[in-house]
1. Can you tell me the length gained on complete extension of the stretch GLU576 to GLU114, counting 0.36 nm per residue apart and subtracting the Cα distance?
2. Please give the FRET efficiency for ASP500 paired with ASN169, using the beta carbon to beta carbon distance and R0 = 51 Å, rounded to the nearest 0.05.
3. Going by average Cβ density within 10 Å per residue, which order do the peptides 186-198, 599-611 take, highest to lowest?
4. Which of ARG344, ARG290, ARG453, ARG350 comes first, and how do the rest follow, when ranked by fewest Cβ neighbours within 10 Å?
5. Need the full-extension length gain, GLU304 to ALA443, defined as separation in residues times 0.36 nm minus the C-alpha distance. One decimal, nm.
6. PRE reach from ARG410 (point 7 Å along Cα→Cβ): which of region 480-500 fall under 14 Å by backbone N?
7. Once R0 is set to 60 Å, what does the formula 1/(1 + (r/R0)^6) return for the Cβ-Cβ distance between ALA537 and TYR286, expressed as a FRET efficiency to the nearest 0.05?
8. So how do 237-244, 386-393, 126-133 stack up, highest first, on mean other-Cβ count within 10 Å?
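No value in this document is a laboratory result; all are computed from the given coordinates. Source: prediction; values computed, not measured. Note that each Cβ is placed from the backbone with ideal geometry, even for glycine, and that neighbours are counted across all protein chains shown.
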Amino acid sequence: MAEARENLPARPYNSLWFFPQGFHYNKDMADKLQLRSFGDYVLIDKIASGGMADVFSARVVGIRGFSKSVAIKRIHAHLAENQHFSAMFTDEAKIASRLSHPNIVQIIELGEVESRPFIAMEFVSGRDLYHVLERLTAIGEPCPWPMAVRIALDLAQALHHAHEFRSPNGQAQSIIHRDVSPRNVLVSFSGEVKLTDFGIARASDREEHTEPGQIKGKVRYMAPEVAAGREIDHRTDIFSLGIVFAELLTMKPYRTGPNDIAILLSIREGRDDKKRFDGLPLDMLYILQRALNRDPDGRYPTAEAFRADLASIATGDLAPMTVLELGHFIGGLFADENAAERRRQAQVDRALERWQKRQSQGSSTAAMSSPSINSASPPTRSGALRETSLAGLLGDLHRNQETGRLDLHRSPLKKSIFFTGGEPVFVISNVEKEAFGEYLVTAGLLTPADLARIRKQSELGNLQLVDLLLRSKAVAPNELYQSLSAQVRDRILDLFTWSDGTFEFYTGERPPEAGMPLNINCLGLIHDGVMEQIPLAFIRKAIGSNRKTLVRRSIFTIPPALSFSGRDQRLMQSLEAQTRSLDDLLHDQSSEERTLRLVYLLSELGFVELQSP
Ligand SMILES: Nc1ncnc2c1ncn2[C@@H]1O[C@H](COP(=O)(O)OP(=O)(O)O)[C@@H](O)[C@H]1O
Ligand SMILES: [Mg+2]
C-alpha cells in the first residue's frame, strides 16, 4: 500500500487523496438505501429538487429479475393542488412525449400516485451541464472546444426536431422549449447529450396557454424578446443555445447581475451582452454573434441552419468529440461519484433480487413500505415549537449554512421559508394579507385598484408580478426590490409571535421561483424577532424564575452581523471576564425586559450557556 502511494505522481492536496474512489459518497449512500414502491416503480434516490418538482432515480421491475433504470419527476406536494402548476406539469409530459429523438430525454409515461402526477422518463446516468461546468471551474480546467462543439451540435439537432415536429396528420406543432439552459442539458457517462425539461415549453395546442408577456424560464439565458414580453417563436431557443455555447467556450457567464430583476432590466435596456469572446477563432465568433443577434430576424432562421454552419467549421482543433471521447471525459471528470454510483446500482440489484424472491415465495411482508408523500423525502429535522425555539432553530440553520425548506404549521396557518447557504431567500405563506401584492398595497406602493388590474393579467408568482409592475411603471425597481426583501423579513418576524405549532426542515428543497439574493441578514432578523416580537412571558418561562442562574460565555465568537447596541455590548463584555448570575446582570442594566431578551437570544444562539447554580 505504502509502495503504491509513493509511485503516485505528486498531486495537490485534495479530498480525493484521502478518500480515494469516492469513499465518502459510497458510505453515505450505503447507509441509506431504502427502496420505496411507487406505483409500478421502485424509488431509489432523490437526484434533484427543482422549483416545481423532485427528480428520483428509480427502477421499473418486471418478471424473472428484469428491472430497468428510469427517472421519476414528481410535482412538489405544495404545488400539486394548484391547478396552474398541475396543468403545466401534465402539459410537459404531453408535449415531450410526442418527441422521439436521440438528443431528447424520452418520456415513458404520465402517471399519478396519491393524486399527485408524476412523469416517468429515460434515466440519463451522467450529469447536467451545470454540474459539469461547476466541476470544471472547481478544478480550474476549461471546457475543451471539441466538447463544446459536440454539445452545441447535438442540442441544435434536438431543438430542430422539436421546432419542426408535426402531428401524425401533418399539422405543425410549433414546439418551443423556452428554457434551454445548462441544468436542462444532460450529458451521460457514455457520451450522450440530451435535452430535458419541457416544463414551460409552448406548443400550438398547449392546453394551458401562456400569454405573450409572461416571463418564464431562466433570466440569464433568456432572449431579449422574451424579456421584453413580445411574441416569441422558435428563434428564442436559438438565442438561448447561443448563450449556453458561449459559456462553454469561454467558461464565463454571459450575463451577470445581483439578482434576476436587475438582469431582466439590463436585458430590456440592452446592457446585458458584453460579448467578450477574446481568443475565439473568427468563424466561431461569427456563428456566436449570429445566434446571439438581439433581433430574431438577424439570427439563424432555424436550429438546423446553426448546426450546418457550426459543422462546416468544426474541423481540426474544433472537431467535435465522438460519443466515446465525451463519455470518457465526463466519466473521468466525475470518476469518484461515477464509481460510487455503479456500486450503488449493484447494491440496488441485490436488494431488488431479495425483494422479488420474497414476493415469489408469497410472503406478504414485502420489504418495501407503502408509498406515502413524506416517505419519499423525510424531513431532516422536525419538532414542536414549544420544545424547539424558533430563534434556536433559525440560528442553527444559519450556522450550518443549510439549504432547504423550513415548513411551519399552526393550523390553519402555514408558512415555508426557503434557505440558501443559511440565509432566508423566499417565503411562501397562506396568510392572505401577506401575499406580495397585498403587501405592496399595505406599504402604500400600490393602490388596491392597480393591484386588481394587475392580478387579472397574472396569476403566477412574484417574478411575474414584479415584472408587470415594472413594466406598468407602477413601482420603481429599487423600491420593489426593497419591498420584496422587507416582505420576506416581515413574514419571518411574524413567526416569532407563534407560541406553538410544528416545524419540519427538508434539506435540499429550492424555492419555486428563481431565488433572488435578498440580502436578509439572518442573525439580525433573529435579533429583532427576539427583542421585539416574542411575548415576554414566553421568554420568562424559557429562562426560568431562578435569579441565581449562571450565565456563562461559550467559546463562540459573536459575529458582527449580530449588531448590538452599546448597552448590549457592555453586557457581553462583562461576561467575557467572568461567569455572572442573572441577578447581577439584571442589577447592572436599567431595563429588566431588555436584559432578559438579550440573555435568551444569546443562549438560543449558543453564545452563552445557562447553568443552574
Ligand atoms: N431523465 C433524467 N435522468 C437523470 N437526471 C435527470 C433527468 N431529468 C432530470 N434530471 C436531473 O434533475 C434536474 C431537474 O430536472 P428538471 O426536469 O429540469 O426539473 P425542473 O423543472 O425542476 O427544472 C435536472 O437538472 C437534472 O440534473
Ligand atoms: Mg430544469
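1. 160.7 nm
2. Efficiency, rounded to the nearest 0.05: 0.25.
3. 186-198, 599-611
4. ARG350, ARG453, ARG290, ARG344
5. 44.9 nm
6. 491-500
7. 0.25
8. In descending order of packing, they fall as 237-244, 126-133, 386-393.
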